[in-house]
Amino acid sequence: MKQVYLGKFYNYKPVTGRRRPAAEPDSFNAKLREMQLYFGLEESGDVDPQTVVAMRRARCGLSDVEPFRKTMRWTNRTLKYSISRLSSKLTAAHVRTAFRQAWKLWAQAVPLKFRRQRRSDADIVISFNNKYHEDGSPFDGEGGILAHAFFPGPGIGGDVHFDDEEAWTINAKGCNLLAVAVHEFRHALGLPHLSDPGAIMFPAYNFGLHTVLQLSFQDDKDIQEMYGKRKISLNRPPMKTPDKCDHAVTSMQQELVFFKDRFIWRAHPSFEQIGITLIASLWPDLPAHIDAAYENTNKNSMLAFKGSQYWEGSSLHVKHGYPRNISEFGFPSTVKSIDAALYFREHVSEFFVGGECWRFDEDAERIMEGFPKPIAHEWPEVDSPVDAAVAHDGWYPL
């Protein structure tokens, strides 16, 4: 799996023959580090569990190192597209609506028009296909590669193919057709993948659980550099991937993990760079916009809180039966959410809610007697409310 993945998406070519020249670099590890950097993982060059999770994510079939040339673009301002083969999972009306909405999103950013037609002279031909479909890039069934597209050009250039065996939907379940179509249509316009995990053009499937599909700042910038900018903007300002990680924070083995919106930042003592990736990249079952999190080192588990619910995970998997309600910790119904959480010392956790802190006995599984107490009383040098807290190297930064 690993060599096939790197070969397809990072141009890895295994060394043939029995012996490798002493001066030749380890191509596999170099390509693996390149992939890890792209996905915001530790650039260890090792096939660790987090790298395996990233490799198993549903994604686009185009390479992440596809050569990009600005000459691969359409010169006409009205592009014609046709649908040659419909989905076996969705109605024709649902497919046409999803594609119309996907083209509209790009048309809001650049002065292009997209028109569906039935004639054979379409610039872009869209189809749903199974396995081998005469383009040299067979699909792999449900999961794995969702779709692929071809950069502008004659013949097959600009065409878009979807794997008909995927669980295509028009909602948050399965694979949302609109989200994947927006991604693939940009390839059909001539633009490659982006390593920004907040971008529509990030290679892994990201956007199915979001009700509002919107171009990121980088998506918007790149397409306008190629085709120009609309004189009158029809959409909201593009989203920019956050450059601050000032929300929930927890330790995770040797790392510090920061949560904000859909993203996580990971700081490892062995690596200078702090990697950013999506929460869904590591924990697909965790929601976005985590309020608080902490690591229980005795149980080797991480707890994450959002609103009145919490999740417990171990080894990159959320445990069965979650989410659960925070009332299980003994919080009264007046506590609707947690501001911050801290594994305070062995077998003891601290929760911060407004101006109060609640100390929790992990062994007895109850709030300790006398709590809650004012944060100013227990933590006199800490301003309230507390946004985030973590125990690290014997310190308790808040």
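The values are calculated or read from the model by the stated rules, or taken from the named source; none is laboratory data. As the structure is a computational prediction, the values presented were derived from the model and not from experiment. Using ideal geometry, Cβ is built from the backbone for each residue, glycine included, and neighbour counts are taken over all protein chains shown. Each accessible area value is taken on the protein alone, full model and side chains, heavy atoms only, with ligands, DNA and RNA left out. Shrake-Rupley method; radii C 1.70, N 1.55, O 1.52, S 1.80 Å.
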Among the residues in the range 63-85, are any within 20 Å of the chain's Cα centre (by Cα) and among the polar types (S, T, N, Q)?
yes
Within the set of pairs 6 or more residues apart or between chains, which connect a residue that is open to solvent by 30 Å² or more (accessible area, probe 1.4 Å) inside the range 89-115 to a residue that is part of a helix (DSSP H, G or I) with Cβ atoms less than 6 Å apart?
Q101/L178; F114/W103
Do you know which of the residues in the range 353-375 that are at pLDDT 90 or above and open to solvent by 70 Å² or more (accessible area, probe 1.4 Å) is nearest to D339 (Cα to Cα)?
E356
Cross-chain or 6+ apart pairs with Cβ under 6 Å, the range 145-169 first and under 13 Å from A181 (Cβ atoms), then outside any loop (DSSP other than H, G, I, E, B) and of a type in the set (F, W, Y)
A147/F162; F162/F128
Residues of the range 288-321 satisfying the condition of being of a type in the set (S, T, Y), within 21 Å of the chain's Cα centre (by Cα) and either over 20 Å from S349 (Cα atoms) or modelled with pLDDT of 90 or more (or both)
Y310, S315
Residue identified as modelled with pLDDT of 80 or more, in contact with a Phe, Trp or Tyr (Cβ under 9 Å, 6 or more places away or on another chain) and over 21 Å from L79 (Cα atoms) among A188, A204, A248
A204
The range 309-342, subset open to solvent by less than 60 Å² (accessible area, probe 1.4 Å), out of contact with any Lys or Arg (no Cβ under 6 Å at 6 or more places or on another chain) and of a type in the set (G, A, S), residue nearest to K260 (Cα to Cα)
A340
Just to confirm my filter: which strands (runs of 3 or more DSSP E) fall fully inside the range 282-344 and include at least 1 residues that are out of contact with any strand residue (DSSP E or B) (no Cβ under 7 Å at 6 or more places or on another chain) and small (G, A, S)?
none
